[in-house]
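This report concerns only the one structure given below.
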Amino acid sequence: MTNSSASFPRPQPALFNRLHTFHGGLQLPGHRDVTAATPIAAAGIPPLLILPLQQHIGEPAECRVKAGDYVHKGQIIATAPGPVSVPVHASSSGTVIAVEERPVPHPSGLQADCVVIETDGRDSYQQTDRTAIDYRHTEPASLCELIQQAGIVGLGGAGFPTSMKLCTRSQRIELLVINAVECEPYISCDNRLLQERAAAVVEGVRILFHIVQPDACIIAVEDHMPQAEQALRAALDAVNAAGITVTRIPDIYPSGGERQLIRILTGREVPSQGFPADIGIICQNVGTAAAVYDAIVKQQPLYHAS
């Protein structure tokens with residue numbers, strides 16, 4: 001990771017220097033004491049991997065493997081058929097034993113086409129032949145292509161292909177929002193991510209800043225995340241990340257929702273049938289920023305969530 005400072009010449013507009021409120025909201029018991037203090041742990045390698053081809057909003061990926069094929073961790077097993085789609089990568093090494101419909105996480109018990117991999121326990125990674133790049137001297141369109149090839153989608157829940165959100169727009173973007181808000185009870189994944197990988201998140205944010213070229217960037221955290229906020233501020237100071245600020249917001253449900261968070265930070269309302277870009281704002285989840293860092297700097301596709 002580089003420690004040199006990127007160029008962010010524009011000051012933060014006064015419009016983004018105070019908090020607002022949204023209608024309604026609940027103050028709920030957090031129940032985060034145990035998980036927020038527990039380090040992220042690897043789940044291990046399961047004997048079977050069942051990888052749906054539909055893991056995002058848009059068209060399902062098209063399968064490129066068949067039963068009997070050996071695959072490496074990080075290998076593309078399904079490709080994107082169009083712009084509103086991303087490839088799917090194997091999350092461990094092993095042998096494809098089936099391409100068939102299997103139940104997927106869905107309230108209706110829906111089945112979908114999946115690649116079923118019998119893992120070999122070696123977790124053998126397929127190294128990329130891509131030459132390392134300096135994102136600060138790379139065109140945003142080229143970075144968006146790499147992000148798309150890495151299979152990155154929004155990790156805040158919606159699963160919209162990240163490259164589409166970043167690069168297919170005509171509006172000038174005033175504000176880039178990085179959402180680290182965990183307003184729902186029991187959730188602490190963003191909190192732990194910032195505590196453990198703040199430097200990677202910050203570099204991911206700087207890459208997003210370079211792509212979007214906004215006037216300002218705000219990383220939003222909640223009141224219950226003091227350790228994460230401290231780690232985040234230290235990581236920003238270490239690289240002199242001018243143009244990027246951290247804002248703490250009240251712990252009120254559902255302030256982690258994209259539209260509610262934008263209202264809190266700017267006072268603006270996203271049109272009911274529109275998108276944040278329509279009012280000059282792009283919002284990305286903090287986990288997505290870490291995935292962008294992994295894709296651009298480490299040349300690692302999205303085969304697990306940090």
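Structure data summary
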{"item": "Residue under evaluation Ala42, criteria (1) surrounded by 14 or more Cβ atoms within 10 Å (Cβ to Cβ); (2) within 27 Å of Arg197 (Cβ to Cβ), criterion not met", "result": "(1)"}
{"item": "Residue within the stretch 127-136 that is under 28 Å from Glu182 (Cα atoms), not assigned by TED's automatic domain parsing to the domain that holds Pro52 and not in a loop (DSSP other than H, G, I, E, B) present", "result": "no"}
{"item": "Residue in the stretch 186-198 that is in a loop (DSSP other than H, G, I, E, B) and within 17 Å of the chain's Cα centre (by Cα) present", "result": "yes"}
{"item": "Qualifying residue in the stretch 193-204 (condition: crowded, with 20+ Cβ neighbours inside 10 Å and closer than 26 Å to Ala78 by Cβ)", "result": "yes"}
{"item": "Number of the condition not met by Thr162 [criteria: (1) over 24 Å from Lys66 (Cα atoms); (2) buried (at least 17 other Cβ atoms within 10 Å of the Cβ); (3) outside the structural domain of Leu193 (by TED's automatic domain parsing)]", "result": "(3)"}
{"item": "Those residues of the stretch 90-111 which are in contact with a Pro (Cβ under 9 Å, 6 or more places away or on another chain) and either within 11 Å of Pro52 (Cα to Cα) or modelled with pLDDT under 85 (or both), in sequence order", "result": "Arg102, Val104, Pro105, Gly109, Gln111"}
{"item": "Candidates Glu229, Glu139, Glu174, Glu145 - the one that is under 25 Å from Asp251 (Cβ atoms) and more than 13 Å from the chain's Cα centre (by Cα)", "result": "Glu229"}
{"item": "Residue that is farthest from Ile76 (Cα to Cα) [pool: residues in the stretch 121-168 that are in contact (Cβ under 8 Å) with a residue 12 or more places away in the chain and among the acidic types (Asp, Glu)]", "result": "Asp134"}
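The values are calculated or read from the model by the stated rules, or taken from the named source; none is laboratory data. Just so it is clear, the structure is predicted and the values come from calculations on it, not from any experiment. Glycine also receives a Cβ, built like all others from the backbone with ideal geometry; neighbour counts cover every protein chain displayed.
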